[in-house]
Amino acid sequence: MADAVIDAYDAALFDLDGVVYRYPVPVPSAPQTLAQLRARTKGVGFITNNAAREPEVICSDLERMGIAAAAQDVATSGQAVAALMASELAPGSAVLVVGSVSLAREIMAVGLRPVTRNGDHPAAIVQGYDPDLSWPLVSQACLALCDGVVWYASNLDMLRPTSEGLLPGAGAQVAALQACFPGRTVRVAGKPFPPLFTLMAGRLGATHAIAVGDRLDTDIQGATNAGMDSLFVLTGAHGKTELVAAVPEQRPTRLGYDLSDLLRPERRAVQMETSSAWRCGQVSATVGPDGVARLDGRLDDLSQQVDALWALAHLCWDNPGIDSAGALRQLDQVR
């Protein structure tokens, strides 16, 4: 039997929403897949840009969905930015926290001192999503930046998914200050930057981990930035259209329909005689002199369509500007 994808790795790092669950319900294959990974003694870690929720709350949600999880299995961008700050600031330094109570607790946990006024002489400010962000606190952060303190942020996600739809995220709150200080550098810990990935890999003792995600611009680019392989799944935010148009740093190492593809043999795309033809499984993607991409082979089931998408993605990456619209329409079982 061919090796499963996970056999090449000692751990897997999972994004949550769109990969493990579509809140508030799990992706159907997630509980069984994660249990099987642990049975194979593979490290399992969950990484999220959400700095406003504590790991214990996330674990409670996962347990309710039938997924075993301890607090150490969850790393948030709040924890990652706290660890980054602790490595760069003197112990006990005052930090002006422009974020949630949860973020302030993470700052305290690494031996730094949260404050809310510039008059407390902070060495840095840190921003994270805060649903109750006050303008007076933003003003205090502005004063601190005028004094030249170091600037940190948990993540730069402009939008966050909710049951009501997409709403402004931490990135929108950071952008309010960036408009005042366009030349200043922000030190960011969350995806797509490496600290969140390296934090969880370190917890797991992993030397060769794979990251699993549904967003090309955060999960997959973050894995690339951290020097990790990645599995892109089609159960979340981004889909086939985004994949074929992906820029080099957002191109995944592997493709699966969902996270259970970790337990299956690798889906391999192979270049044929020229860059104008790629094959995956029994499906090929080609482009002719007219610049139109075509798919050849059976597309009867989901697995065949994901094979076709992987071949088509490689074809498009090798031949920028080709017309893939018709080929994508053939993949009606893939979002």
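The values are calculated or read from the model by the stated rules, or taken from the named source; none is laboratory data. Keep in mind the model is a prediction, meaning the values are calculated, not measured. Note that we place each Cβ from the backbone using ideal geometry, even for glycine, and neighbour counts take in every protein chain shown. For the accessible areas, the whole protein counts, side chains as well, though only heavy atoms, and no ligand, DNA or RNA atoms are used. Shrake-Rupley method; radii C 1.70, N 1.55, O 1.52, S 1.80 Å.
Size of the range 1-130: Rg and Dmax of its alpha carbons, in Å, are 17.6, 66.
If each DSSP helix of 4+ residues adds -39,500 (n - 2.57) and the sum is divided by the residues in the chain, what number results at 222 nm, nearest 500 deg cm²/dmol?
The per-residue figure over the chain is -9000 deg cm²/dmol.
Say R0 is 51 Å: what FRET efficiency, to the nearest 0.05, do Met108 and Gln36 get from their beta-carbon distance? After rounding, the FRET efficiency stands at 0.85. In this structure the amide hydrogen of Arg22, modeled in the peptide plane, comes within under 5 Å of the amide hydrogens of Val27, none closer than 5 places in sequence on its chain. Translational diffusion coefficient, Stokes-Einstein: compute it for the chain using the Kirkwood radius over C-alpha pairs as Rh, at 37 °C and 0.692 mPa s, and state it as an integer in µm² s⁻¹. Using the Kirkwood radius from Cα pairs, D works out to 156 µm²/s.
With a simple spin-label model that places each label point 7 Å from the Cα along the Cα-to-Cβ direction, the separation between Arg268 and Ala8 comes to 1.0 nm. Restricting the trypsin sites (Lys or Arg not before Pro) of the range 142-209 to loop positions (DSSP other than H, G, I, E, B) with no more than 12 neighbouring Cβ atoms within 10 Å leaves Arg184. Take Phe193: with every protein chain present and a 1.4 Å probe, its accessible area is about 80 Å². Given their separation in residues at 0.36 nm each and the Cα-Cα distance between them, Ser275 and Ser60 gain 72.5 nm when the chain is fully extended.
Over the chain, calculate the relative contact order: mean separation of alpha carbon pairs under 8 Å at least 6 apart, over the residue count, as a percent. Write out the running numbers ahead of the final one.
On the way: 689 pairs, mean separation 53.7, N = 335.
Relative contact order, the chain: 16 percent.
Centre-to-centre separation between the Cα atoms of the range 83-103 and those of the range 288-328: 48 Å.
Expressed in nm to one decimal, what extension gain is obtained for the pair Asp290 and Ala175 from 0.36 nm per residue of sequence separation less their Cα-Cα distance? Before the final figure, lay out each step's value.
Working: separation 115, 0.36 × 115 = 41.40 nm, distance 4.37 nm.
Full extension from Asp290 to Ala175 adds 37.0 nm.
Plugging the Kirkwood radius over Cα pairs into Stokes-Einstein for the range 213-294, at a temperature of 20 °C and a viscosity of 1.002 mPa s, what D comes out in µm²/s? Here the translational diffusion coefficient equals 155 µm²/s. Dividing the convex hull volume of the alpha-carbon atoms in the range 257-335 by its residue count gives 90 Å³ per residue.
Protection proxy ranking for 241-254, 79-92, using the average of other Cβ atoms within 10 Å per residue and placing the highest first: 79-92, 241-254.
Provide the net charge surrounding Leu62, with neighbours chosen by a C-beta distance below 14 Å and charges set as Lys +1, Arg +1, Asp -1, Glu -1. Numbers along the way, then the final one.
Details: positive: Arg22, Arg38, Arg53, Arg64; negative: Asp15, Asp17, Glu54, Glu56, Asp61, Glu63, Asp73.
Spelling it out: positives minus negatives among the neighbours equals -3.
Could you give the Stokes-Einstein D for the range 1-76 in µm² per second, using the C-alpha Kirkwood radius, 37 °C, 0.692 mPa s? Roughly 256 µm²/s, to the nearest whole number.
In order along the range 268-281, the Karplus-derived 3J(HN,Hα) couplings, from 6.51 cos²θ - 1.76 cosθ + 1.60 at θ = phi - 60°, round to 10, 9, 10, 6, 8, 5, 9, 5, 8, 8, 9, 10, 9, x Hz, and Gly and Pro are given as x.
Can you quote the Å³ per residue value for the convex hull of the Cα atoms in the range 79-186, rounded to an integer? Please list the in-between numbers first.
Working: hull volume 10.2 nm³, N = 108.
So the per-residue Cα hull volume is 95 Å³.
Provide the net charge surrounding Ile322, with neighbours chosen by a C-beta distance below 14 Å and charges set as Lys +1, Arg +1, Asp -1, Glu -1.
On the way: positive: Arg294; negative: Asp290, Asp318, Asp323.
Surrounding charge for Ile322 is -2.
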